[in-house]
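Scroll down for the structure; my scribbles are underneath it.
The values are calculated or read from the model by the stated rules, or taken from the named source; none is laboratory data. Since the structure is predicted, the reported quantities are computational estimates derived from the model, not experimental observations. Backbone-built Cβ (ideal geometry, glycine too); neighbour counts: all protein chains shown. The area values use the complete protein model at the heavy-atom level, side chains included, leaving out ligands, DNA and RNA. Shrake-Rupley method; radii C 1.70, N 1.55, O 1.52, S 1.80 Å.
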Amino acid sequence: MQKREFVYQARAARVVFGPGSLQHLEREVLELKSQRALILCSPEQKETGEAVAARLSARAAGVFDRAVMHVPLELAKEARALARELNADCAIAVGGGSTIGLGKAIALESDLPILAVPTTYAGSEMTPIYGITDAGLKKTGTDLRVLPKTVIYDAELTMSLPVALSVTSGINAIAHAAEALYSRDANPVTSLMAEEGIAALARALPVIVAHSQDVDARADAQYGAWLCGTVLGSVGMALHHKLCHTLGGSFNLPHAQTHTIVLPHALAYNRQAAPEAMKRIARALGSDDAATGIYELAKRCGAPLGLKDIGMSAEDVLKAADIASSNPYWNPRPIERDALLELLQNAFDGVTPSAASA
Ligand code: NAD
């Protein structure tokens, strides 16, 4: 049954979509009324950042190629100072969530418009959510100023994303849409996008695993990532995102892999409390069950299945359950510490969610 009363907040962003669409970069910079762009990228994507600068020639003010995970405050300050020094009037973030996060940290204090060119499926480009790490503590917030004004989705830039990271990044995107479907403020429009986003990624990922250079599958995955990112920026998340935030922040586990491993177990935890959402997730996956469907997709695509396989130690399971159950937050099923511990133990071991959550 659809909700009859709801609030739907569209977030204004101009999206330029399609393989090869980076060719429109200069037009899009001018559209922002900008003349001098500072290009941001990670050290690993330095070549891509420099190619973007070369494409803009005189309209490129410089390249800052030191974006890293979790946006350290000192780095954000350095990038802001460089933007000022170069008289940049926009920032182009070419990369994954870490690079786009650096762009957001600049926009938060400078009103510089951000043009995002995402090269993973994490979805940060579609959200007004930012995170900055100061003295080891990651603070997150929401501010419309950090939302990129323009997003260019060019699948050709994702061809180099390693297959393993493509899979986990894609399931990271699916996690946004899955939680959006049972969000407290879900509405028919975001649910439509969420279901379509999951279906696009579930269709594209196995093709990417088999043929990593299939540009149509890459574009399909980007389309899904766009929709999943949009719903992440529109409605509240729940248990799954809280757990991944805890695991990433407290135990320094890799972002996309952690999402991939935890999602089936978080869905199994919420299975009885959100039956309509589960039906839609399962339908999008072409499966009978949402939790098992995600687990099978991850397994079929060769993703890691247990937290033990990505660097978590057995004694941290208890600590994680304590942290994740310490602050009350909304979830379709109330947070019960013992059930949470069981969920985390299952995710640690990598067992199938259906067997674990009966
Ligand atoms: P990432 O940006 O850290 O990238 C991972 C690695 O892949 C990096 O070394 C990067 O250089 C490399 N890479 C990226 N694209 C590539 C490509 N096409 N080819 C080759 N290498 C490539 O990873 P991510 O998963 O995109 O982002 C994770 C970060 O983003 C986390 O800190 C997370 O909290 C944040 N995030 C924020 C939001 C938000 O709304 N604020 C949403 C999602 C993720």
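Brief remarks on what is shown
Residues are listed down the side, and each one gets a yes or a no for (1) in the same structural domain as residue 205 (by TED's automatic domain parsing); (2) at pLDDT 95 or above; (3) out of contact with any His (no Cβ under 7 Å at 6 or more places or on another chain):
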position: 246; (1), (2), (3): yes, no, yes
position: 263; (1), (2), (3): yes, yes, no
position: 270; (1), (2), (3): yes, yes, yes
position: 273; (1), (2), (3): yes, yes, yes
position: 276; (1), (2), (3): yes, yes, yes
position: 288; (1), (2), (3): yes, yes, yes
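- Residue, nearest to the chain's Cα centre (by Cα), within region 80-113, restricted to residues that are near the ligand (Cβ under 10 Å from one of its atoms) and not aliphatic (A, V, I, L, M): 97
- Unique residue being touching a residue at least 60 places away in the same chain (Cβ under 8 Å), assigned to a helix (DSSP H, G or I) and either in the same structural domain as residue 44 (by TED's automatic domain parsing) or within 11 Å of the ligand (Cβ to nearest atom) (or both) when the list is 259, 240: 259
- Of the residues making up region 156-173, just one is in contact with a Phe, Trp or Tyr (Cβ under 6 Å, 6 or more places away or on another chain) and near the ligand (Cβ under 7 Å from one of its atoms), namely 169.
- Test: residue 333 is basic (Lys, Arg), more than 21 Å from the chain's Cα centre (by Cα) and either exposed (fewer than 13 other Cβ atoms within 10 Å of the Cβ) or over 15 Å from residue 259 (Cβ atoms) (or both): yes
For every residue, the table says whether it meets (1) more than 26 Å from residue 24 (Cα to Cα); (2) more than 8 Å from the ligand (Cβ to nearest atom).
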| site | (1), (2) |
| --- | --- |
| 122 | no, no |
| 136 | yes, yes |
| 140 | yes, no |
| 143 | yes, yes |
| 184 | yes, yes |
| 187 | yes, yes |
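Residues checked against (1) surrounded by 18 or more Cβ atoms within 10 Å (Cβ to Cβ); (2) in contact with a Cys (Cβ under 7 Å, 6 or more places away or on another chain); (3) of a type outside the set (S, T, N, Q):
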site	(1), (2), (3)
166	yes, no, no
179	yes, no, yes
184	no, no, yes
197	yes, yes, yes
207	no, no, yes
219	yes, no, yes
227	yes, no, yes
262	yes, yes, yes
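- Within region 108-132, the set of residues being open to solvent by 30 Å² or more (accessible area, probe 1.4 Å) and more than 20 Å from residue 88 (Cβ to Cβ) comprises 129 only.
- Among the residues of region 39-56, those that are farther than 16 Å from residue 89 by Cβ and among the small types (Gly, Ala, Ser) comprise 42, 49, 51, 54.
- Against the criterion of being of a type outside the set (A, V, I, L, M, F, W, C) and either buried (at least 18 other Cβ atoms within 10 Å of the Cβ) or modelled with pLDDT of 95 or more (or both), residue 84 qualifies.
- Selection from region 45-76 of residues that are among the small types (Gly, Ala, Ser), more than 24 Å from the chain's Cα centre (by Cα) and either within 16 Å of the ligand (Cβ to nearest atom) or open to solvent by 60 Å² or more (accessible area, probe 1.4 Å) (or both): 51, 54, 57, 58
- Picking from residues in region 270-296 that are in contact (Cβ under 8 Å) with a residue 24 or more places away in the chain and of a type in the set (D, E, K, R), the one that is surrounded by the fewest Cβ atoms within 10 Å (Cβ to Cβ) is 276.
- Taken together, the criteria exclude residue 151 from residues that are surrounded by 23 or more Cβ atoms within 10 Å (Cβ to Cβ), closer than 30 Å to residue 217 by Cβ, in contact (Cβ under 8 Å) with a residue 40 or more places away in the chain and near the ligand (Cβ under 10 Å from one of its atoms).
Residue by residue, here is whether (1) touching a residue at least 40 places away in the same chain (Cβ under 8 Å); (2) among the β-branched types (Val, Ile, Thr); (3) under 22 Å from residue 129 (Cβ atoms) holds:
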site: 155; (1), (2), (3): yes, no, no
site: 172; (1), (2), (3): yes, no, yes
site: 179; (1), (2), (3): yes, no, yes
site: 188; (1), (2), (3): yes, no, no
site: 193; (1), (2), (3): no, no, yes
